[in-house]
Amino acid sequence: MNIILMGPPGAGKGTQAKILSERFHIPQISTGDILRMNVREKTTLGLKAKDYMEKGVLVPDDLVVEMVAERLKSRDCAGGFILDGFPRNVAQAEALERTLEKIGKKIDAVVGIEVEERELVRRLSGRRVCRGCGAVYHVTFNPPVNTDTCDNCGVELYQRDDDKEETIRARLRIYEEETRPVIEYYREKGLYRAVGGIGSMDGITENIVKAIEDRRGYTENPG
Ligand code: AP5
């Protein structure tokens, strides 16, 4: 099952991708997480990506497309994958199609999580992330048991550099200009389904699963 999760910054793509990844035993491929890891480790890719990410604009396509193409060839993607944060513009969507064609795969469903802008800003400004395992919390909506540490691994939580209000606004603008057209790209192919992103995380997961099943007649226990 090859899925793309779309939605504006803060819609809950990462939160839902992690849940779906455990449920379906397929990896979450978050371009944002891979890029942040490269920035942290000061790799060549990370050094090239850093300035773009700090400004909240897209990292150049050639860097990201190559990175995803390599990741998709990994063994753990053989049974499927969940793309989170990719493709971010139509050029990336076209490049993804070419990559998948070469390795004999295709996208089964594209699910967009819809949340209004005021809520997105509230979510992003209150988000905290674990430095160890990457678990995502929110100071109000999904707080950890102890304010500054992760429930799973006890490591310190931090606020992402691009979760400052000014950068959040830039990211939302880029989403409208560059990423929204990708919805139309997949809608024309009959792959796109939208789900509301407000409400309980579990409820949203169920709606995403329904949207995937609706798109591909999939059942969780196909055998
Ligand atoms: P990326 O890391 O992909 O960030 P994003 O798309 O802006 O998305 P976020 O991770 O901010 O939000 P999310 O939708 O995953 O929400 P989350 O689940 O965390 O990209 C960062 C940067 O990397 C980009 O700006 C760009 O520079 C670069 N980049 C990445 N991919 C690229 C690409 N393909 N091409 C070029 N550049 C690229 O949830 C948010 C908060 O809400 C959390 O606190 C969570 O706990 C809370 N929450 C979640 N669900 C709910 C709910 N139902 N109710 C209440 N709160 C909720």
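Quick notes on this one:
- Scan of the range 109-140 for residues that are surrounded by fewer than 17 Cβ atoms within 10 Å (Cβ to Cβ) and not hydrophobic (A, V, I, L, M, F, W, C), ordered by number: Glu114, Glu116, Glu117, Arg118, Glu119, Arg122, Ser125, Arg131, Gly132, Thr140
- The lone exception for Lys105 - which of (1) part of a helix (DSSP H, G or I); (2) more than 19 Å from Gly7 (Cβ to Cβ) it fails: (1)
- Residue pairs meeting the criteria (Cβ under 8 Å; at least 6 apart or on separate chains; first under 15 Å from Val155 (Cα atoms), in the range 133-145; second in a strand (DSSP E or B) and more than 8 Å from the ligand (Cβ to nearest atom)): Val136/Cys130; Tyr137/Cys130; Tyr137/Leu157; Pro144/Leu157
- Asp148, sole failed condition from (1) within 23 Å of Ala93 (Cα to Cα); (2) more than 13 Å from the ligand (Cβ to nearest atom); (3) of a type in the set (Asp, Glu); (4) exposed (fewer than 13 other Cβ atoms within 10 Å of the Cβ): (1)
- Set Ala95, Ala91: member being more than 17 Å from the chain's Cα centre (by Cα) and crowded, with 19+ Cβ neighbours inside 10 Å: Ala95
- Candidate set: the range 12-27, residues that are out of contact with any helix residue (DSSP H, G or I) (no Cβ under 6 Å at 6 or more places or on another chain) and assigned to a loop (DSSP other than H, G, I, E, B); chosen: the one surrounded by the most Cβ atoms within 10 Å (Cβ to Cβ): Gly12
Each row is one residue, and each column tells you yes or no for (1) near the ligand (Cβ under 9 Å from one of its atoms); (2) outside any helix (DSSP H, G or I); (3) among the small types (Gly, Ala, Ser).
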site: Gly10; (1), (2), (3): yes, yes, yes
site: Ile29; (1), (2), (3): no, yes, no
site: Asn38; (1), (2), (3): no, no, no
site: Glu70; (1), (2), (3): no, no, no
site: Arg88; (1), (2), (3): yes, yes, no
site: Ala91; (1), (2), (3): no, no, yes
site: Glu97; (1), (2), (3): no, no, no
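- Unmet requirement for Glu166, which otherwise passes all of (1) in contact with a strand residue (DSSP E or B) (Cβ under 7 Å, 6 or more places away or on another chain); (2) in a helix (DSSP H, G or I): (1)
- The condition of being among the hydroxyl-bearing types (Ser, Thr, Tyr), within 25 Å of Glu94 (Cα to Cα) and within 9 Å of the ligand (Cβ to nearest atom) holds for only one of Tyr192, Tyr175, Tyr186, that being Tyr175.
- When residues in the range 113-141 are screened for being closer than 21 Å to Asp162 by Cβ, within 12 Å of the ligand (Cβ to nearest atom) and not in a loop (DSSP other than H, G, I, E, B), 15 of them pass.
- Contact map, the range 24-45: first residue free of Cβ contacts under 8 Å to residues at least 60 places away in the same chain, second residue part of a strand (DSSP E or B) and within 7 Å of the ligand (Cβ to nearest atom), Cβ cut-off under 6 Å, separation 6 or more or different chains; pairs are Gln28/Asp84; Ser30/Asp84.
- Residue check for Glu66: loosely packed, with under 14 Cβ neighbours inside 10 Å, in a helix (DSSP H, G or I), more than 12 Å from the ligand (Cβ to nearest atom) and not aromatic (Phe, Trp, Tyr): no
Every number in this text was worked out from the coordinates using simple rules, so none of it is lab data. Remember, it's a predicted structure, so these values are computed and weren't measured experimentally. Using ideal geometry, Cβ is built from the backbone for each residue, glycine included, and neighbour counts are taken over all protein chains shown.
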